[in-house]
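I have placed the structure first, in the form of structure tokens, so that the comments after it can refer back to it.
Every read-out reported here was derived from the displayed coordinates using simple, explicitly stated rules and does not represent laboratory data. Note that the structure is predicted; figures quoted are calculated from it, not measured. Heads up, the Cβs are rebuilt from the backbone with ideal geometry, glycines too, and the neighbour counts pull from every protein chain shown.
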């Protein structure tokens, strides 16, 4: 990529953290990332590897309880996540919620990719790759 221009904005009018590792916002929130001719990458190599990449995403226990807009825009860009090795795990979230997730109403999640590559890869013996784009995801 010739130029790197990343414009990121994360706004939370109300943020309350109930416990460590838990996300709880309880009302209007806008998270946005615009990547133009850019590269957003995350990689972990080695024995007990784990790569996790979150772009305009909530994770952990989430909760929000209404409005919330999350967007990721990629134009002529590469967004990649990779874990290679013996105990590989790769997880990539774009404009997503993760954890147990309660939003309870209005939410707009958008991933717009134009002339771009979005990839997630896990290689190795215990390989596991999870990729979420504009989704809610509640792993077991």
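Using the count of nearby Cβ atoms within 10 Å as a rough guide to exposure, how do 50, 91 rank from fewest to most? The partial results should precede the final answer.
Numbers: 50 15, 91 23.
Ranking 50, 91 by Cβ neighbours within 10 Å, fewest first, gives 50, 91.
Going by the alpha-carbon gyration tensor, a ≥ b ≥ c the square roots of its eigenvalues, is segment 5-133 rounded (a/c under 1.5) or, if a/c is not under 1.5, prolate (a/b greater than b/c) versus oblate?
Judged from the Cα gyration tensor, segment 5-133 comes out oblate (a/c at least 1.5, b/c at or above a/b).
Using only alpha carbon pairs under 8 Å that are at least six residues apart, calculate the relative contact order of segment 5-133 and give it in whole percent.
26 percent
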